[in-house]
Amino acid sequence: MSEMQRKYLDFEKPLEEIEKNISELREIKKRKNVDNQLQITQLQQLFREKTKEIYANLTAWQKVQVARHPQRPRTSDYIDGLIEQFYEFHGDRIHGDDPAIIAGIGKFRSKSVAIIGHQKGKDTEENIKRNFGMAHPEGYRKALRIMKIAEKFSFPVVTLVDTPGAHPHIEAEERNQALAIASNIYQMSEIQTPIIVIIIGEGGSGGALGIGVGDKIAMLEFSIYSVISPEGCASILWKDQKAVKEASEALKLTAPELLKLGLIDEIIKEPSGGAHSQSQEMIRTLGDYIEKNIAELSSIEINALLEKRYEKYRNMGFYKIENQEIL
Amino acid sequence: MIFRHRKRYIPITPKEAPDIKKDLWQKCPDCNKLIYEGKLKENFKICPHCGYHFRLTTKEWINLIVEPGTFEELDANIVSVDPLEFKGPKTYKEKLEEERKRTGLNEALVYGRAMIGKTPSVLSILDSNFIMGSMGSVVGEKFVRACELAMVEKKPIVSICGGGGGARMYEGLISLMQMVKTSQVVGKLKKTKTLYISVLTDPTMGGVAASFAFLADILIAEPKALIGFAGPRVIEQTIKQKLPHGFQRSEFLYQHGMLDQVVPRSNLKQTLTKILTIFAPSQ
């Protein structure tokens, strides 16, 4: 992504200012042949420092905005950047093909893998085609079909989660959205091959979980994962759509908070200005994470791996028996 | 005639006047007609005009399908904590306190041993009166324990499910993970050949529908129950039009092949008894 077209979020305004100044200086340099390189370098340095400062102090709601950034790398970017000879599968063999989920196989650093992810669009046109990454039951069934193929040939499965949620629509209900998600959750708990789940942007509730059960659950540093959107939570509990900041805080939907709660295994570091600021770097980092974890999970005997997967979820929850707090 | 004397007041202890009007009539939420409460109770809490099944409490469910005196509750002392220290207009602790007082329940899910007909069974009831029957850590844990008990004691499990709230917001992502916890145990039920019957009642939505509620061997629903994944209001906002009448109701699901049967409450015990008998090991 070239810096020229970068879209700035509200809280990134200081960065936009600096960038504007830099381009003006460059323009002057070009037109009047003035040597202002020192100034430019200083401003570039300032840009980096300011970026670091802003991104070190993001609020929950700001992270929601970063996670939803229109220029954030998508599933297709990671596939393009990491998978060689990608072969995409289509259709659930029952009703249709769902472009909101991409599912296929290919070579990842010389190993065969299956890769499945929600696909948000990069522009309005693609967003309409991809339904903003909101899957229908067909999408979940296609995903499961590809996981079964991966299981048959012992390919590790990597899923990339990036969705506002499953599609809330009449047709989706008619074709049993609830069962499509329930089946995937259940079957993923038993698929006999390693599964790595990475939340790359927005982990929207059941729609995310429909491809989100696995041995390793990682989140990109500024991604979010939540039981309900901040907007939904705000309107139900606060009776006010505008209470999104409060809702984002209350829901504890950021990566560090979820790691602390023991619901995810690892946080994958993003470039200092977020994944969208340097997508190539992000793609490499994600690739390294996948490589490391495939190696680790592949070394575990499959039954032991499944038992571990089961136990992990069996133990999730906080409750109290009489006066004794138990995890 | 003029009498001049001091007025005498007789002190009386105020007695609570019997409130004749209150609670005597109920309005059907489906057809809006008024129903005499006594009539409603006689009729399994089914609206005599339109057949809408009023929501039952846990106690009423037990009375409806369990042989008298055979229900033995387990793990009633597992209670919710506030893992997120949820800060909303109401805190989670306040909400829990309020719901406990209102419903007399400790949590939304109650389970235990029960005789259904002649079959010793495990019965789990998710009560939609307690925070909309939403699933948090306790609901997840207790449902899994109910399944584990069924497996150990080689009994079928019957789940009555009114989970209108889906995953419980107050527990954030922890509640979403209960979907995995309660779904994966279904695989164990399969391996141990444990029968799992799910009775869906009004309402069963979201994370509850999209996990354990829909994964049973046999799926039964009460008439006119609201069942689905996305809430009707959310769908209306998305499609920007009114939903057709009967959408996401049991009959709609049945027509679309998602249920085995829609069973009126008056026949539920009989139906469960029949199914349990078929699956019971032959003598």
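The values are calculated or read from the model by the stated rules, or taken from the named source; none is laboratory data. The model shown is predicted, which means the values in this text are computed figures rather than measured ones. Here the Cβ is made from the backbone with ideal geometry for all residues, glycine too, and neighbour counts use every protein chain on show. Ligands, DNA and RNA are stripped out before the accessible areas are found, and what is left, the full protein with its side chains, is counted by its heavy atoms. Shrake-Rupley method; radii C 1.70, N 1.55, O 1.52, S 1.80 Å.
Using alpha carbon centroids, what distance separates the stretch B:104-171 and the stretch A:204-270, in Å?
Distance between centres, Cα-based: 26 Å.
Mind checking the dipole of the protein assembly as shown: about its Cα centre, +1 per Lys or Arg Cβ, -1 per Asp or Glu Cβ, Debye to the nearest 20?
Roughly 1740 debye for the protein assembly as shown.
Tell me, for the protein assembly as shown, which Cys residues have no other cysteine's C-beta sitting closer than 4.7 Å.
A:233, B:147, B:161
Which longest uninterrupted range of chain B lacks any GluC sites (Glu not before Pro) assigned by DSSP to a loop state (not H, G, I, E or B) and surrounded by at most 14 other Cβ atoms within 10 Å?
B:154-283
Once you sort the root eigenvalues of the Cα gyration tensor of the stretch B:182-283 as a ≥ b ≥ c, which label holds: rounded (a/c under 1.5), prolate (a/b larger than b/c) or oblate (the other case)?
It is oblate, given that a/c is not under 1.5 and a/b is not larger than b/c.
Please calculate how many Å² of accessible area the stretch A:176-271 carries per residue, with a 1.4 Å probe and no DNA, RNA or ligand atoms counted.
28
Would you calculate, for chain A, the mean residue ellipticity at 222 nm contributed by helices, counting each DSSP H stretch of 4 or more residues as -39,500 (n - 2.57) and dividing by all residues, to the nearest 500? It would help to have the intermediate numbers written out before the result.
Details: 14 runs with 152 residues, N = 327.
Using -39500 (n - 2.57) per qualifying helix, the result is -14000 deg cm²/dmol.
Between residue B:94 and residue B:32, what is 0.36 nm times their sequence separation minus the Cα-Cα distance? Round to one decimal in nm.
19.1 nm
Tell me which lysines have Cα within less than 26 Å of residue B:41's Cα, excluding those fewer than 8 residues away on the same chain?
B:21, B:22, B:27, B:33, B:59, B:101, B:118, B:224, B:269, B:274
Taking all pairs of distinct Cα atoms, average 1/r, flip it, and tell me the Kirkwood hydrodynamic radius of chain B in Å to one decimal place.
20.6
For residue A:17 and residue A:84, compute 0.36 nm times the residue count separating them, minus their Cα-Cα distance, and round to one decimal in nm.
20.2 nm
Which distance in Å, rounded to a whole number, links the C-alpha centroids of the stretch B:23-69 and the stretch A:104-135?
The two parts, judged by their Cα centres, are 49 Å apart.
Rounded to the nearest 0.05, what FRET efficiency is calculated for residue A:301 and residue B:254 with R0 set to 45 Å and r the Cβ-Cβ distance?
Values: r = 44 Å, r/R0 = 0.99.
Efficiency computed from Cβ-Cβ geometry: 0.50.
Treating cross-link reach as a plain straight distance, find the lysines whose alpha-carbon is under 23 Å from the alpha-carbon of residue A:30, omitting any fewer than eight places away in the same chain.
Those lysines meeting the cut-off are A:20.
Just A:220, A:253, A:237 to compare: in a GNM of chain A, with alpha carbon springs under 10 Å, which one fluctuates most?
Largest GNM mean-square fluctuation: A:237.
By DSSP, what percent of the beta bridges with both residues in chain B are antiparallel, rounded to the nearest 5?
45
In sequence order, what are the phi-derived ³J(HN,Hα) couplings for the stretch B:172-177 according to the Karplus relation 6.51 cos²θ - 1.76 cosθ + 1.60 with θ = phi - 60°, rounded to whole Hz, with x for glycine and proline?
The phi angles translate into x, 5, 4, 5, 4, 5 Hz.
Quick one: net charge around residue A:123, please, counting Lys, Arg +1 and Asp, Glu -1 for every other residue with C-beta under 14 Å from its C-beta. It would help to have the intermediate numbers written out before the result.
Values: positive: A:7, A:72, A:74, A:120, A:122, A:129, A:130; negative: A:77, A:125, A:126.
So the surrounding residues net to +4.
What residues have an amide H closer than 5 Å to that of residue B:167, excluding those fewer than 5 places away on the same chain, when H is modeled at 1.01 Å from N in the peptide plane?
Those qualifying (amide H under 5 Å, at least 5 residues apart or on another chain) are B:135, B:207, B:208.
Give the accessible area for residue B:158 in Å² (nearest 10); use a 1.4 Å probe, count only protein heavy atoms, and leave out ligands, DNA and RNA.
Counting only protein heavy atoms, the figure is 0 Å².
What are the ³J(HN,Hα) values, in whole Hz, obtained from phi via the Karplus relation 6.51 cos²θ - 1.76 cosθ + 1.60 with θ = phi - 60°, for each residue of the stretch B:149-154 in sequence order, with x given for Gly and Pro?
5, 4, 5, 5, 8, 6
How large is the translational diffusion coefficient of the protein assembly as shown in µm² per second when you combine the Kirkwood radius over alpha carbon pairs with Stokes-Einstein at 25 °C and 0.890 mPa s?
Estimated via Stokes-Einstein, D reaches 93 µm²/s.
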